[in-house]
1. In segment A:98-111, which residues are buried (at least 22 other Cβ atoms within 10 Å of the Cβ) and among the β-branched types (Val, Ile, Thr)?
2. Look at segment A:66-97 and say how many of its residues are buried (at least 22 other Cβ atoms within 10 Å of the Cβ), under 30 Å from residue B:226 (Cβ atoms) and either of a type in the set (Asp, Glu) or within 8 Å of chain B (Cβ to nearest Cβ) (or both).
3. So in segment A:56-65, with the set limited to residues that are charged (D, E, K, R) and under 21 Å from the mean Cα position of the chain (by Cα), which one is nearest to the other protein chains (Cβ to nearest Cβ)?
4. Read through the list (1) in a strand (DSSP E or B); (2) over 24 Å from residue B:182 (Cβ atoms); (3) of a type in the set (A, V, I, L, M), then give the number of the only condition that residue B:58 fails.
5. Pick from segment A:59-111 the residues that are among the polar types (S, T, N, Q) and free of Cβ contacts under 8 Å to residues at least 40 places away in the same chain: which of them is nearest to residue B:151 (Cα to Cα)?
6. Write out, first by first residue and then by second, each pair whose Cβ atoms fall under 7 Å of each other, whose residues are 6+ apart or on separate chains, and whose first residue, in segment A:138-149, is away from chain B (no Cβ under 13 Å) while the second is of a type in the set (S, T, N, Q) and crowded, with 16+ Cβ neighbours inside 10 Å.
7. Check whether at least one residue in segment A:221-229 is in a helix (DSSP H, G or I), touching a Phe, Trp or Tyr at 6+ places or on another chain (Cβ under 8 Å) and either at pLDDT below 90 or within 29 Å of residue A:32 (Cβ to Cβ) (or both), and report yes or no.
8. Residue by residue through segment A:150-182, note down the ones that are part of a helix (DSSP H, G or I) and away from chain B (no Cβ under 14 Å).
Amino acid sequence: MNRTNALIELDAVTKSFASFEVLKGISLSVKDGEAVCIIGPSGSGKSTILRCINGLIPIDGGRIRVGEIEVHKLRSEKEMRPLRHRVAMVFQQYNLFPHRTALQNIMMAPVQVLGHDRREVEERAHRLLAKVRLSNKADAYPGQLSGGQQQRVAIARALAMEPQVILFDEVTAALDPETVKEVLTAIRELVDEGLTCILVTHEMKFAREVAERVCFTDHGRIVESGPPAQIFDAPQDPRTREFLGQVL
Amino acid sequence: MFGLDYSWLSDPVYQGWLLRGTLNTIGLALASSAVAVLIGTFGALALSLRIAWLDALIELFVELFRNTPPLLQMLFFYFTLSTIGLRVTDPVTGLSVPLLSAFDCALVSLSFFGGALCIEAFRSGLESLPRSVNEAARSLGYSRWGRFRRIEVPIASRICLPALTNILTNLFKTTSQASVITVPELMYYAGQIYNDTFRTAEVMLLVLLIYVSLVSVLSWGMSRIERALAFPGYGKGH
């Protein structure tokens, strides 16, 4: 791949928590509009990769670039702001703000952080709620919504920042099987629209369907990456084979 | 009834004392509550910055004022501060008088006492927030101060309200100890009245009723606030 035209580029990224080395040199590049799935066993560093890309976790070594922003050089929350605008994140536990309604959750950051016009943001929020099929829940508090509904609000909240990239961190892992589908449908639409997405997921079927590329991580390294057909049907590395043998 | 004699209550002097005492009690309670909440807010904010020397300073303040009797604190402020030099010259009489009046001393001590309790209550409220909510706020670009103001305080304050109600009702009742340093509040005038009339039981019964009504209004108000601020999934919210 031509590395200069990648939207996101990680180069030999390392990260340790105390004496535990979570990332042992991660290199990855993602093109604009690409959907990449990261799969792998628990503790292999999948979620940490996402948190490094949007600067939630500072890295120890290597380089991370998103567009023209050099993430590893950002030091303060203020310097991070352009990055936050460009890269949004959706979490496993939804992490909605419990004291605000669905609509307010979506509107807060664009108004309070980006300083966008409130009326324009409200229109945007209603449009996004319609997109995730929750127009009738605009005034509901997170505590009144099901897990799947909360996660769709969280997706709308991420979209309201008008990001170029969305990071999905095991967004269906905490959901009932029957609500997983509604969330995956919402994500699939975003991928189809050409939004750049990096998804950490345990939904192998979904990864195969939606991803253009799948990365398998184990013990802090990307062991193997390639198109889903290759990873799922003809894995090269024995560790990939073993993992897929357990989960498929 | 029950052999109680309330004929003294028709005396306008005693009526005035009771009224003035009640107003002073309310004033002292409101003022010290307001300052205590301010101290609690800024103390908890300062603690959340995790600056070692500031943490130590605040902890010292909390331990000092939470672990000593408020009555002792009032006596300390009343007798010690003017002795160690906090005095001003009265422009009218030309006499050297304490900088802080009895009322001021009671206000300072009650505010510090309540403030120390508020810092602890607010700190525990802030710490009870799931870390993940904070992470979400960071990922949306909120600064430290933005997170504190828009997310942490609004949620934590709701969690803290029951604890705050406890602190404020206790503070209200503790104002009665200011009578010892001659603050003319309700308890002080009660003493004046029964010293005059020897109707101790009657005066105490009346004062008791006044305190019950005032503190009930306070706790009723707090529970109204709690209900109004509740959101689904937490506390009184449905």
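1. Listed by number, the list holds a single entry, A:106.
2. 4
3. Of the residues in segment A:56-65, the ones charged (D, E, K, R) are A:60, A:63, A:65.
Next, from what is left, pick out any that are under 21 Å from the mean Cα position of the chain (by Cα): A:63, A:65.
Values: A:63: 21, A:65: 18 Å.
Checked segment A:56-65; the qualifying residue nearest to the other protein chains (Cβ to nearest Cβ) is A:65.
4. With respect to (1) in a strand (DSSP E or B); (2) over 24 Å from residue B:182 (Cβ atoms); (3) of a type in the set (A, V, I, L, M), residue B:58 is out only on (1).
5. Initial filter on segment A:59-111 (among the polar types (S, T, N, Q)): A:76, A:92-93, A:95, A:101, A:104-105.
Remaining after also requiring free of Cβ contacts under 8 Å to residues at least 40 places away in the same chain: A:76, A:104.
Working: A:76: 19, A:104: 12 Å.
Filtering first and then ranking leaves A:104.
6. A:138/A:101; A:148/A:179
7. Initially, segment A:221-229 is screened for residues in a helix (DSSP H, G or I), giving A:228-229.
Right, trim to touching a Phe, Trp or Tyr at 6+ places or on another chain (Cβ under 8 Å) and you get none.
No; the residues of segment A:221-229 include none that is in a helix (DSSP H, G or I), touching a Phe, Trp or Tyr at 6+ places or on another chain (Cβ under 8 Å) and either at pLDDT below 90 or within 29 Å of residue A:32 (Cβ to Cβ) (or both).
8. If the condition is that a residue be part of a helix (DSSP H, G or I) and away from chain B (no Cβ under 14 Å), then A:152, A:177, A:178, A:179, A:180, A:181, A:182 are the ones that fit.
The values are calculated or read from the model by the stated rules, or taken from the named source; none is laboratory data. Model, not experiment: these values are computed from the prediction. Quick reminder, even Gly has a Cβ in these numbers, built from the backbone with ideal geometry, and neighbours come from all protein chains shown.
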